[in-house]
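Engineer: Please find one structure pasted underneath; my questions will follow.
The values are calculated or read from the model by the stated rules, or taken from the named source; none is laboratory data. The model shown is predicted, which means the values in this text are computed figures rather than measured ones. Positions of Cβ are generated from backbone atoms using ideal geometry, with glycine treated the same way; all protein chains shown enter the neighbour counts. Calculation scope for accessible area: heavy atoms of the full protein, side chains included, ligands and nucleic acids excluded. Shrake-Rupley method; radii C 1.70, N 1.55, O 1.52, S 1.80 Å.
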Amino acid sequence: MENAEVGTRPWWKGAAIYQIYPRSYMDSNGDGIGDLPGITQRLPHIATLGIDAIWISPFFVSPMKDFGYDVADYCDVDPIFGTLEDFDALVARAHELGLRVLIDQVYSHTSDEHPWFAESRSDRTNPKNDWYVWADAKPDGSPPSNWQSVFGGPAWTWDARRGQYYMHNFLNSQPQLNLHNREAQDAVLDVMRFWLDRGVDGFRIDALNFAMHDPELRDNPPAPASDKPRTRPFDFQLKKFNQSHPAIPGFIERIRALTDKYEAVFTVAEVGGDEAEAEMKAFTEGETHLNSAYGFNFLYADRLTPGLVCGALAQWPDEDGVGWPSWAFENHDAPRAISRWWNEDERDAAARMKILLLASLRGNIILYQGEELGLTQVDIPFEQLHDPEAIANWPLTLSRDGARTPMPWTGAVDASFGSQEPWLPVGEENRVRSVEAQEADDGSLLKATRAAIALRNANPALHHGAVESCRAEGDLLELVRAVGSQRIRCLFNLGRETLTFAATGRVLAAENGASVDALPPFAALILEL
């Protein structure tokens, strides 16, 4: 049964994906900023992890007010990152190493420096006048609705050229594309086609549930009171009308129709917000939508608990018509998990358990650069911040910059990142966790990460099997995965006290002193039944 399935199962189903934040991976020309040739130079490191694909965060032409998520030209490389020829060389080298290449696509908005927006704002009659979300002021001159932007303040900015407001869910330099407009949809699909023709193997689609708005511009209702602190006006509303429009799945069908014309292309959407679970399922339902989606179950969780894991997995049962999930514990927008979840004296042990847990989840798994080294959140002083959200909401928002620090390749003063003065500090606590240091240590997290991914790849039940059961009992997490004749039991102690029990089965992996009799703090045990 298993052998017959291998020929029909797509490469991405169960894949391990490695996210690269290009500014911070490797600097090839000494200007302080990582670039595409730097990534190409370091691809062998990723290949040794047993990874299936890399996902590269935006490297397109941009004024960098939101560090590449404000795109001014979707079909060219920003000079700080290199050239299109550098990108082609990266793809070729990745493919030589057996790595597929996924790139970010940002379709909900552009930069205000994009030529499309320059034309759209010029007057109300130009060919692109309806490519962005424009609206008249209310009679008293105030914005058309009460919608608020993610980064603080109204989601509307007045533009004197048109005598109207334009909408922006993020910075006011990131105007909202009107994807209700068929021509605007056609334009972004042409962008996707451009990169597919250059050999990319798939896309991570940013903020997809922000891609369409309510054309009636109805006010959002207030959010009910909660015990979570509200640091932005955005937090005071239920985002009912400025995002999550029911027409988004129709646009996704057009994306899928295009990607199906290219062999083995993989699409995954980022979906956050109040209705993330329902939207992820709608975006991935059946065979006419995206292949996968990932949310923020773990990315902003302040604790890792057995209930959190079982609850997340329960959202994605192994049933016909239900999409395939992807999971990330860390990314470029979230504080490093190792710093969020554990005290300093617990982190080394907990990181080893965490990677085995990630490798045991049903779905695709996404590692963020440096996660294989156990990088921690670097405390960036205010005067060195670049993150616009952190600057605007200082000190209440934990800076995204602290998770975007340069990759430490060696223990040298510059961590061999490639520049004496990188755009962000490496952080002394991370410089000592360098790739070089961990390659020389048989007990390192880097080598434990390779072993965890190899274990996943070697065992079909872990790689793509169903979740037969997930049990949360105190600090104990028990996960049973199964496919064909293989059943695997995964036991994790997420707490600080030893758990005793009697387990049977063939031991496939044991971390932090785990045995069939006991799980010390942060121990993990993988058994074949």
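Engineer: Quick one: which of Ile46, Ile17 is in a helix (DSSP H, G or I), among the β-branched types (Val, Ile, Thr), within 24 Å of Thr449 (Cα to Cα) and open to solvent by less than 10 Å² (accessible area, probe 1.4 Å)?
Structural biologist: Step by step, each of Ile46, Ile17 is checked, and only Ile46 is in a helix (DSSP H, G or I), among the β-branched types (Val, Ile, Thr), within 24 Å of Thr449 (Cα to Cα) and open to solvent by less than 10 Å² (accessible area, probe 1.4 Å).
Engineer: Please find, within the stretch 196-205, the residue that is nearest to the chain's Cα centre (by Cα) out of those that are surrounded by fewer than 20 Cβ atoms within 10 Å (Cβ to Cβ) and outside any loop (DSSP other than H, G, I, E, B).
Structural biologist: Filtering first and then ranking leaves Leu196.
Engineer: What pairs come out if I take residues in the stretch 172-193 that are closer than 11 Å to Tyr132 by Cβ and pair them with residues that are among the β-branched types (Val, Ile, Thr) and open to solvent by less than 70 Å² (accessible area, probe 1.4 Å) whose C-beta lies under 7 Å away, six or more apart or interchain?
Structural biologist: Pro175/Thr110; Gln176/Val133; Leu177/Thr110; Asn178/Val133
Engineer: If Thr8 meets every condition in (1) part of a helix (DSSP H, G or I); (2) at pLDDT below 95 apart from one, which number is that one?
Structural biologist: With (1) part of a helix (DSSP H, G or I); (2) at pLDDT below 95 applied to Thr8, the lone miss is (1).
Engineer: I would also like to ask the following. With the structure loaded, tell me whether Gly286 is over 25 Å from Leu177 (Cβ atoms) and within 23 Å of the chain's Cα centre (by Cα) or whether it fails that test.
Structural biologist: Criteria met by Gly286.
Engineer: If you check every pair at least six apart or on different chains, which have Cβ atoms under 6 Å apart with a residue in the stretch 128-142 that is farther than 15 Å from Leu179 by Cβ first and a residue that is modelled with pLDDT under 95 and in a loop (DSSP other than H, G, I, E, B) second?
Structural biologist: none
Engineer: Mind listing whichever residues of the stretch 256-294 are of a type outside the set (Asp, Glu), open to solvent by 10 Å² or more (accessible area, probe 1.4 Å) and assigned to a loop (DSSP other than H, G, I, E, B)?
Structural biologist: Within the stretch 256-294, Lys261, Tyr262, Ala264, Val265, Gly272, Gly273, Gly286, Thr288, His289, Asn291 qualify.
Engineer: Ok, one more. Filter the stretch 84-106 down to the residues that are out of contact with any Leu (no Cβ under 8 Å at 6 or more places or on another chain) and open to solvent by 60 Å² or more (accessible area, probe 1.4 Å), then identify the one that is farthest from Ser62 (Cα to Cα).
Structural biologist: The extreme case among them is Glu96.
Residue-by-condition table, conditions (1) within 24 Å of Asp333 (Cα to Cα); (2) of a type in the set (Gly, Ala, Ser):
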site: Gly163; (1), (2): no, yes
site: His168; (1), (2): yes, no
site: Leu177; (1), (2): yes, no
site: Asp190; (1), (2): no, no
site: Leu208; (1), (2): yes, no
site: Ala211; (1), (2): yes, yes
site: Asp214; (1), (2): no, no
site: Pro222; (1), (2): no, no
site: Pro246; (1), (2): no, no
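Engineer: Within the stretch 299-315, is even one residue open to solvent by 20 Å² or more (accessible area, probe 1.4 Å), closer than 25 Å to Arg23 by Cα and touching a Lys or Arg at 6+ places or on another chain (Cβ under 9 Å)?
Structural biologist: Yes - at least one qualifying residue is present in the stretch 299-315.
Engineer: Looking at Glu113 and the list (1) within 17 Å of Leu171 (Cα to Cα); (2) buried (at least 20 other Cβ atoms within 10 Å of the Cβ), which single condition is not satisfied?
Structural biologist: Going through the list (1) within 17 Å of Leu171 (Cα to Cα); (2) buried (at least 20 other Cβ atoms within 10 Å of the Cβ), Glu113 breaks only (2).
Engineer: Of Asn129, Asn169, which residue is under 30 Å from Ile366 (Cβ atoms), modelled with pLDDT of 95 or more and in a loop (DSSP other than H, G, I, E, B)?
Structural biologist: Asn169
Engineer: Same structure again: Which fully enclosed strands (runs of 3 or more DSSP E) of the stretch 429-505 have 2 or more residues being touching a residue at least 40 places away in the same chain (Cβ under 8 Å), within 18 Å of Val309 (Cα to Cα) and open to solvent by 70 Å² or more (accessible area, probe 1.4 Å)?
Structural biologist: 466-473
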